[in-house]
Structure formats: structure tokens, C-alpha cells
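Single-structure report; data block below.
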Amino acid sequence: MYTLTPAGEIHARIAKLQAGLRAARLDAAFLVQNADLFYFTGSIQQGILIVPAEGEPVYFVRRVFERAVEESPLPNVRRIASPKEVTAYYAEKNVVFPSIGFELDVLPVGTFLRFQQVFPGAKPEDVSPVVRGIRAAKSPHEAATLRENGRRLAALLSGARKKIRPGVTEVAIQGMLQGEAIGGGHSTVNRMRAFNQDPGLGCVISGPDAALPSYADFPTSGKGLSPFVPAGQGERAIRPNEPVIVDLMWAQDGYLVDMARTYSVGPMPAKLEEAYGHAVAVLRAIEAGIRPGSVAGDLYTVGLAVAASTPFAENFMGPPGYNTKFIGHGIGIEVDEFPFVAKGAPTVLAPGMVFTLEPKFVFPGEGAVGIENTYLVTADGFETLTPLDEGVLRCDG
């Protein structure tokens, strides 16, 4: 079913944005990034959304106008052939915006300079912190979508036990899992905001290849298939008694959930079994602090302290020398939303926030072990959106 965002959701989000603009002393927001367009209009047709701090928002659409009208509940959707028509629209109304907020965290410089000419007299500011702060707390509608996606993803990873066996390559297993996911409604698009970070569709990585670092800022990267995609699953065949990490996202109806489990055909070496137990201990320690009012950076400190007390501290969240400075990340429309469970992160948790925790230990030449869940912050704690056995998942072989 082709799902549209309810009108009440869009109007509530616009109202929050306008309140945020007023608090930031910005006269209007100028939004063009696909994820932000989807959140505030319900549509990702090519266009420009202008949201004034006071007054009616306008969604100017170059392509495809008819689909934008069908998809967005905003009352003022206008067809344009050029951004110059946006300038003319407000000039005719004698509306001037002294300051305009742009998505400066994602706009390429050339694109920003071109769009800046739409309102040449306005002072450009960065509206990204306002936008991302609003998007961090999910509504009940969003939470319901994420909950269903988590259920589907947990079922997919549960079934992976029947597919992982010696001799089958990482890429073949990934293909089987993704084919099943697409058949179940996965949209095949995982969005990420950070520049030059390509989330792909997740990964199936095994043995020593799972411990290879790569350009991506992930604790476990994998070898990949070529220098063009130097991360993720490769042609390596699964072997007995080694860890296999399946780390996938489920994207449907505009929202993502993320989870990972460690699998093995037969027992892993004692060292890796022990390290996996420590990863779960990190998870439990952080979970104990998830509640409204907790600070994301403090949760990171708690988790890091548990990892530092193990014999494998230098292997936590990456191979030695390539350790990441986070244990979890916000998720929703994009895979890297607020809050980040990261060193010094100032975000104060609030009901509706959704984030992952992914404690992992990585051993060059041996393999990697770990776990990842997606969590929803509730009024008095949290809900795990990716429910599945949290031990090492044994495969039949």
C-alpha cells in the first residue's frame, strides 16, 4: 500500500518548525534536502519548501507537481519552472525575509550559492540544528511505523540462521536476505545525512574480513567487493567456528530501523565468545540509564567504562587505532539522526527519541563480535524495537 503521511502530522511538524525559527530569530526556512522535504511536506518531489516564522508555508515544485499535490497535505503547493519564480512570488506579495535558514550541513557550496540568490538580500543562517532537533523526537505515528519495521527486521535476522552455512559467500547471504526484505516491503533506500558516508543496505561480514577497517565511520566495515565499495560483504565464504555479523536496516514507509546480531556455525574461539559477553554487558549498562532527562554523552561514558574494564578495551568499537567515538546513533528517516550516544554528546533524552546501541569488539586477523538494537525512549524508560534473542545465534551448518 502506498502510504501517505497524515495531514495532522505535517501540520504539527510545520508548527514546531515555525516555533523553532522564532526561537532562533530566523525569518524563514529554505528546505530542499530530500529527507527534510519528506518530513515537512510528506513528499520528495523536486522543489523548495519555504516555511516563514509566521504565516503559510509554500511548497514550490519543479518536478513532479501532480505527484506533490497528491502526496502533500500542505494547502499551498505551487508549480515552478525555476527558482526565480519563488523570488517573484514573494516580491509580488511584498514579503521580505531579513534572515533565511538553509540546511548548511548538507547543501553543497555551489547549490547553496545558487539558492541564496532566490533571496539575495537575506542573511543566510544554518537551520539544520533546528530541523534535526525537531526530527529527533518521534510522534506516536512515527513510533508505530518504526515498531512495525523493527518487527519485520527481527524476523528477517531470525531467519538468517537457516541461510548461514559453510561455503556460502557473504554476498550470497546478503542477496538472500535483501531479496526477502524487498519482497516484504523494504524500500531499498537507506538515507544517511553525513557527507560521503554510504550506508548501503547493511552488510553480512565474517571472520577476519569483518575486522578490516575502511573509510566509513563504522565500528565494523568488512572488505567489500571492490575499491569502489570498500566496505560491507565480499566474496569470502563462511567457515565453521567463526563469527558472522549480520547488520541490516529495514526501510519502509519512510523510516529506518537498524539491528545486528552475531552468528556462528559451531562454537567460536573462547576469546571471541568472552568478548561477545562483554558487548552484551555494555548494552545492559547503557540500557539501565535510558530514560527522559538522561544525557546521551553520559550514556556513552557508562558504556565505555564497562568496555574499558575488560581485557579487550583497545578492540572496542573498531580495530585498534580505528576505534569510533560513539556507541549508538539516532535513527528515523535517516540513519544518523539525533541523538548520538557519543563522546561529549549534549542531547538530553526525551520521550519519542529513537536511537541504536551497537557495542562491538573487533580483532584484526580474527573477527568481530557485537550486537545492535534500536530503542524508543518512553515516558519512564525505553522500548526495544528490535526484539530478538541476544545471545550468539547458532546456525545449523
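Where (i) 334; (ii) 171; (iii) 135 are the candidate values, the label of the one calculated here for volume of the Cα convex hull per residue in Å³ is (iii). Any chance you could give the angle, 0 to 90 degrees and rounded to 10, that helix 7-23 forms with the longest Cα principal axis of the chain? With rounding to tens, the tilt is 80 degrees.
In the chain, taking the dipole from charged Cβ atoms about the Cα centre, the farthest positive-side position among Val362, Tyr375, Met249 is held by Met249.
Scanning residues 5 or more positions from Leu225 or on other chains, those with amide H under 5 Å from its amide H are Ala231, with H placed 1.01 Å from N in the peptide plane.
Ignoring ligands, DNA and RNA, what accessible area per residue does the stretch 341-391 give at 1.4 Å, in Å²? Could you put the intermediate results ahead of the total?
Details: 1590 Å² over 51 residues.
I get 31 Å² per residue for the stretch 341-391.
At 1.4 Å probe radius, can you tell me the per residue accessible area of the stretch 15-61 in Å²?
On the way: 1470 Å² over 47 residues.
So the stretch 15-61 comes to 31 Å² accessible per residue, rounded to a whole number.
Can you give the angle from 0 to 90° between the axis of helix 140-159 and the longest principal axis of the chain, with both taken from C-alpha atoms, to the nearest 10? Helix 140-159 and the main axis of the chain meet at about 30 degrees. Under the convention that each Lys and Arg Cβ holds +1 and each Asp and Glu Cβ holds -1, the size of the dipole of the chain around its Cα centre is about 420 debye. Among beta bridges from DSSP that stay inside the chain, the antiparallel ones total about 75%.
Axis angle, to the nearest 10 degrees, between helix 170-183 and the longest C-alpha principal axis of the chain: 50 degrees.
Restricting the trypsin sites (Lys or Arg not before Pro) of the stretch 63-124 to loop positions (DSSP other than H, G, I, E, B) with no more than 16 neighbouring Cβ atoms within 10 Å leaves Lys93.
Once both labels are positioned 7 Å from their Cα atoms along Cα-to-Cβ, the gap between Glu274 and Arg394 label points is 2.1 nm. Each residue of the stretch 39-50 was assigned a 3J(HN,Hα) from its phi angle through the Karplus curve 6.51 cos²θ - 1.76 cosθ + 1.60 (θ = phi - 60°); the sequence is 5, 9, 10, x, 9, 10, 8, 5, x, 10, 9, 9 Hz, with glycine and proline shown as x. Comparing Cα centroids, the stretch 354-397 and the stretch 169-198 end up 18 angstrom apart.
Projecting the Cα atoms of Ser139, Ile10, Thr169 onto the dipole axis of the chain, where Lys and Arg carry +1 and Asp and Glu carry -1 at the beta carbon, places Ile10 farthest toward the positive end.
Shown for the chain: the carbon plus sulfur share of the solvent-accessible area, taken with all protein chains present and a 1.4 angstrom probe, equals 57%. The simple spin-label model puts a point 7 Å past each Cα toward its Cβ; for Ala308 and Ile182 those points are separated by 4.6 nm. Placing a label point 7 Å from the Cα of Arg67 along the Cα-to-Cβ direction, the residues of the stretch 220-253 with a backbone N closer than 16 Å are 253. Here the spin labels are modelled as points 7 Å beyond Cα on the Cα-Cβ line, and at Val348 and Asp217 they lie 2.5 nm apart.
Both radii come from the Cα set of the stretch 96-187: Rg as radius of gyration, Rh as Kirkwood radius; their ratio Rg/Rh reads 1.25. Close amide-amide hydrogen proximity is noted between His186 and no other residue 5 or more places distant or on a separate chain, at a cut-off under 5 Å (H modeled in the peptide plane; Pro and chain starts excluded).
Enter the accessible area per residue of the stretch 177-277 (Å², integer; probe 1.4 Å; all protein chains in place). Mind showing how you got there, number by number?
Numbers: 3920 Å² over 101 residues.
Computed with neighbouring chains in place, this is 39 Å² per residue.
Given the stretch 199-353, report the % of alpha carbon pairs whose separation exceeds 19 Å.
Numbers: 6962 of 11935 pairs.
The share of Cα pairs beyond 19 Å in the stretch 199-353 comes to 58 percent.
The values are calculated or read from the model by the stated rules, or taken from the named source; none is laboratory data. Just so it is clear, the model here is predicted, and its values are computed rather than measured. In this analysis, Cβ positions are derived from the backbone assuming ideal geometry, glycine residues included, and neighbour counts consider all displayed protein chains. Heads up: the accessible areas ignore ligands, DNA and RNA and are worked out on the full protein's heavy atoms, side chains in. Shrake-Rupley method; radii C 1.70, N 1.55, O 1.52, S 1.80 Å.
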